[in-house]
Structures are given as C-alpha cells and as structure tokens.
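Read through the structure below, which is laid out as structure tokens, and then see the notes.
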Amino acid sequence: MASETLETKATLHELDAVLENVHSSQRANRDGAVATYIPELARAEPDAFGLAIATVGGRIHTAGDVEIPFTLQSVSKAFAFCLALELAGRDKVLARVGVEPSGDAFNAIVFDPVTNRPFNPMVNAGAITIAGMLDEIAGDSAFDLMLDRFSQAAGRRLSLDETVYRSEAETGHRNRGIAHLLRASGALTGRTEDAVDLYFRQCSISATATDLARMGATLANMGENPSTGRTAFDLGAVRNTLAVMFTCGMYDYAGHWAYDVGIPAKSGVSGGIVGIVNRQLGIASYSPRLDAKGNSVRGIAAFGMLSDELGLHAFDCTNRGSAFVSTLIDDA
Ligand code: GLN
C-alpha cells in the first residue's frame, strides 16, 4: 500500500466513524425473526450484528460481529450464477434461466408463462437450474470448483457446514418439488437429485461478514481479488451478474431496494447481505433477524444508511460518494 496522506487518514477515520454510527444506530433494532426452518438457523444468535466494507484497494473496515460464521444460503446464488456464466456462456445460461424480476417470494413455484423458464437465477427455481447446469458441466467436482472460486473471491479457504447441509438435504422437499417441475419443463436436463444436492451444498458454505465483504470487493474489482491479485471470476460474467443482482437480488423487495439503496446486492435467509459498489467497494452485513420477505431487517436499514451517508446509490446526485470513495481507493 502507498503511504497514507493526512487527508486519506481523515477519510479512513471518517469511514470507520460512519460504520460505527450505522452499527450503533441499528443495534437496538430487534424487529423481525430468525429463520427456523432448520434447527441450525433457529439457533443463530439473534442479536449478532456485523458490518464490513472491503475496498478494491484491499482495505477492510469493520464494525461489530464480523467474525461470526454463517451459511451463505441465497447469497451463494449470485456467485454460482457468475460461475455458470463463465463456464456455460451467457447464451446457454439465458436459454435456461431468465433475467426478469419475479415479484414473487424466493421459493415461489412460478415460471415465466411464455418460456416456462425460471424468472431469474436469484430465486430458488433459477438457482436450482444454475446448480443443475454446473453439475452437468463439472459433474462430481462441481462443488469443489464452486468452493474453490468462492474461496478465491474471499481470499481464504471457506468450508462447508456439514450440519446445515444435512438439515437442508433432509428438509428440502419444496426445493425437490421445484426441481422436478424444472425437469418436466426441460429447464433441468440431468438428475434432479444432483442439482438440488449441489444447491443445498452451496447454501451451506460458511463465511463471515469479513469474507463476504471481500467476496463483494472481488466482484467490484472485476473478478480479481484485490488482496491476493488472483482472478476468481470472469470479467464479462461479473458484469452480467451485477446487472441481475441489481434487479433481482433482494427477492420481491428488489424494486424497493434499487430505489432506496441503489446498489447490486444479494441477501440470504441466514441474515447475510452482500452489496457491490462497482469498481469501488464490497459491503457485507450479518444480522439474522429477517422481515417477512426473508431479508435481514438490520441489514436493509444499515445498507440504506450507508448508501445515504456515503453517497453510494447508483444514481446519487450529491457527488459526495464518488469523491469520498475514490480518495479511499487511490491511496490504498
Ligand atoms: N436454503 C434456503 C432454501 O433454499 C435458502 C433460501 C434463502 O436464503 N432465501 O430455501
């Protein structure tokens, strides 16, 4: 890292202060409820709350519980989609899964009425199809490949939470039902059990808010991990992934999120959210209490505040964001 100027130090200090302030202002927010569909998620510490921001210059800024491991759950869908785009190519992926927001719940059993395809890769039907494609391409090594790329994006070796995986596999009958419908319509062509097994595994990859912010920074940095310099994801695939995260990443809250927060993001039912400020930042929050749509309550509030305070909205018109963040990155 280049030497820090006094001005950069002040900016860094300011960013830490903003994070701290957002964290403490949401700490008392106890709205929502922890997911209970499997015992491991029901046992999550409801008050856990961590925020992390990783820059494309390799810096990390944190507040709160950023080292508590949680399973990625639906957050994995964004990264699995990115991998499928690279391995199968954009056209083949698009032939099997659409890119339209569904406006339905993440586990809805609904398909595009014209094409019969899942609406998008950020809801279960689309993500199971993507898992099926990865399984067709990589077979038995599909999960290792996925874990490898996710780990490269995080900059450290991630692991599978075996207990969560077993619970997901034992209880995932709705997802199996979706897979059979996908097989019947031709969206899935291989064994349905292999597709859902890979999906259950990807949901059960364990990471911390720090890891997730670094994974986000890798997407912000066009697929190259800013800390290790290693390429985790293909550049063209990152562009397509961020576009779909922007329009579909927050389930049936995606429109509201784009309006209020204005950055590509993906949430998961364990309470994680990752957001990307293109070419600038990866942001992660972890807080397991969820709203009725399955998004972290504190996560949504914290992202909203960060977006406002740092000027991160894609259509921000204050100039504050770009000026503030570029100081951070230039001197990293
Ligand atoms: N494992 C969960 C499921 O498939 C993940 C869903 C989510 O995070 N919203 O139902």
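Does the range 105-119 include one or more residues that are within 16 Å of the ligand (Cβ to nearest atom) and not in a loop (DSSP other than H, G, I, E, B)? Steps first, answer last, please.
Filtering the range 105-119 down to residues within 16 Å of the ligand (Cβ to nearest atom) leaves 105-110, 118-119.
Remaining after also requiring not in a loop (DSSP other than H, G, I, E, B): none.
No.
Name every residue in the range 245-263 that is more than 26 Å from Asp47 (Cα to Cα), more than 16 Å from the ligand (Cβ to nearest atom) and surrounded by 19 or more Cβ atoms within 10 Å (Cβ to Cβ), in order of residue number.
Start the filter on the range 245-263 by keeping residues that are more than 26 Å from Asp47 (Cα to Cα), which leaves 245-248, 255, 258-259, 262.
Right, trim to more than 16 Å from the ligand (Cβ to nearest atom) and you get 246-247, 255, 258-259, 262.
Scanning the range 245-263 gives Phe246, Ala258, Gly262.
Restricting to the range 153-178, name every residue that is open to solvent by less than 70 Å² (accessible area, probe 1.4 Å) and more than 13 Å from the ligand (Cβ to nearest atom).
So in the range 153-178, the residues open to solvent by less than 70 Å² (accessible area, probe 1.4 Å) come out as 153-155, 158-161, 163-165, 167-169, 171-172, 175-178.
Of everything in the range 153-178, those that are open to solvent by less than 70 Å² (accessible area, probe 1.4 Å) and more than 13 Å from the ligand (Cβ to nearest atom) turn out to be Ala153, Ala154, Gly155, Leu158, Ser159, Leu160, Thr163.
Any residue in the range 197-209 that's closer than 12 Å to Gly272 by Cα and of a type in the set (Lys, Arg): show its pairings with residues that are open to solvent by less than 10 Å² (accessible area, probe 1.4 Å) and within 12 Å of the ligand (Cβ to nearest atom) at Cβ separation under 9 Å, as long as the two are six or more apart or on different chains.
Listed by first residue and then by second, the contacts come to nothing, as the list is empty.
I need the full set of residues from the range 188-212 which are open to solvent by less than 10 Å² (accessible area, probe 1.4 Å), away from the ligand (no atom under 15 Å from the Cβ) and small (Gly, Ala, Ser), in order please.
Ala209
Within the range 276-295, identify whether any single residue is under 12 Å from the mean Cα position of the chain (by Cα), open to solvent by less than 30 Å² (accessible area, probe 1.4 Å) and on the phi > 0 side of the Ramachandran plot, and answer yes or no.
The first filter runs over the range 276-295 and keeps only residues under 12 Å from the mean Cα position of the chain (by Cα), leaving 276, 282-286, 295.
Add one more test, that the residue is open to solvent by less than 30 Å² (accessible area, probe 1.4 Å), and what stays is 276, 282-286, 295.
Next, from what is left, pick out any that are on the phi > 0 side of the Ramachandran plot: none.
Among the residues of the range 276-295, not one is under 12 Å from the mean Cα position of the chain (by Cα), open to solvent by less than 30 Å² (accessible area, probe 1.4 Å) and on the phi > 0 side of the Ramachandran plot, which makes the answer no.
State the number of residues belonging to the range 56-104 that are part of a helix (DSSP H, G or I), buried (at least 21 other Cβ atoms within 10 Å of the Cβ) and out of contact with any Gly (no Cβ under 7 Å at 6 or more places or on another chain). If you could, list the steps in order and put the result at the bottom.
So the first thing to find is which residues in the range 56-104 are part of a helix (DSSP H, G or I), and the list is 75-88, 90-96.
Narrowing further to those that are buried (at least 21 other Cβ atoms within 10 Å of the Cβ): 75-85, 93, 96.
This time we only want the ones that are out of contact with any Gly (no Cβ under 7 Å at 6 or more places or on another chain), so: 76-77, 79-85, 93, 96.
Count: 11.
With (1) out of contact with any strand residue (DSSP E or B) (no Cβ under 9 Å at 6 or more places or on another chain); (2) within 16 Å of the ligand (Cβ to nearest atom) as the list, and Asn240 as the residue in question, which single condition is left unmet?
(2)
Please work out which one of (1) assigned to a loop (DSSP other than H, G, I, E, B); (2) touching a strand residue (DSSP E or B) at 6+ places or on another chain (Cβ under 8 Å); (3) not aliphatic (A, V, I, L, M) is the condition Arg157 fails and give its number.
If we test Arg157 against (1) assigned to a loop (DSSP other than H, G, I, E, B); (2) touching a strand residue (DSSP E or B) at 6+ places or on another chain (Cβ under 8 Å); (3) not aliphatic (A, V, I, L, M), just (2) comes out false.
The values are calculated or read from the model by the stated rules, or taken from the named source; none is laboratory data. Note that the structure is a prediction, hence the values are computed from the model and not measured. Neighbour counts run over all protein chains shown; Cβ positions are idealised from the backbone, glycine included. Just so you know, the surface numbers come from the protein's heavy atoms only, side chains and all, with ligands and any DNA or RNA stripped out. Shrake-Rupley method; radii C 1.70, N 1.55, O 1.52, S 1.80 Å.
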